[in-house]
1. For segment 35-46, in order, what is each residue's ³J(HN,Hα) by Karplus, 6.51 cos²θ - 1.76 cosθ + 1.60 with θ = phi - 60°, in whole Hz (x at glycine and Pro)?
2. May I ask you to evaluate 6.51 cos²θ - 1.76 cosθ + 1.60, the Karplus curve with θ = phi - 60°, for each residue of segment 68-82 and list the ³J(HN,Hα) values in order in whole Hz, giving x for glycine and proline?
3. Which lysines does K30 reach when only Cα atoms under 28 Å apart count, and residues fewer than 8 places away in its own chain are ignored?
4. From the phi of every residue in segment 95-107, what ³J(HN,Hα) in whole Hz does the Karplus formula 6.51 cos²θ - 1.76 cosθ + 1.60 yield, where θ is phi - 60° and glycine or proline is x?
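Here, each number is a calculation from the coordinates, and none is a lab measurement. These numbers were taken from a predicted model, which means no experiment stands behind them.
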Amino acid sequence: MVRATRSVDQYRRQITLSLRPFGSIEGMAKEKTTITVDRGKLTEARALLGVKSSSAAVDVALSQLIRRARLRNDVEAYNNVPSTKEDAGLGEAYPDWSDLADDVDWDAEWPVER
């Protein structure tokens with residue numbers, strides 16, 4: 001069995017791309033502020049995200065916090081609206097698989113190797 005290996009930098013880039021806020025506007029007005037943070041957490045966040053500045057790490061963290069809070073609010077609002085009978089029926093509907101029926105012996109075509 002051949003295993004694909006990825007370098008730590010490739011892994012970091014993947015995490016950074018998946019965590020960076022989508023649609024962020026470069027050059028957007030920023031506010032300079034002073035905050036007190038746990039040095040260990042900030043160092044770990046910068047390393048995980050592959051960013052050098054504390055500001056970039058905090059910016060990504062705030063973007064993710066906002067995104068998750070909005071999602072949580074959306075889910076909560078959705079759960080507060082009762083489902084109609086039609087909606088509930090869609091969840092219990094089964095697809096019609098009859099159009100997939102054929103005369104091919106798929107087990108013979110694709111035998112399981114043991």
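1. Taking θ as phi minus 60°, the curve returns 10, 10, 10, 5, 4, x, 5, 5, 5, 5, 4, 4 Hz for segment 35-46.
2. Each residue's phi maps through the Karplus curve to give 5, 5, 5, 4, 4, 5, 5, 5, 4, 5, 5, 5, 7, 8, x Hz.
3. K41, K52
4. x, 8, 8, 4, 6, 8, 5, 8, 9, 7, 8, 5, 5
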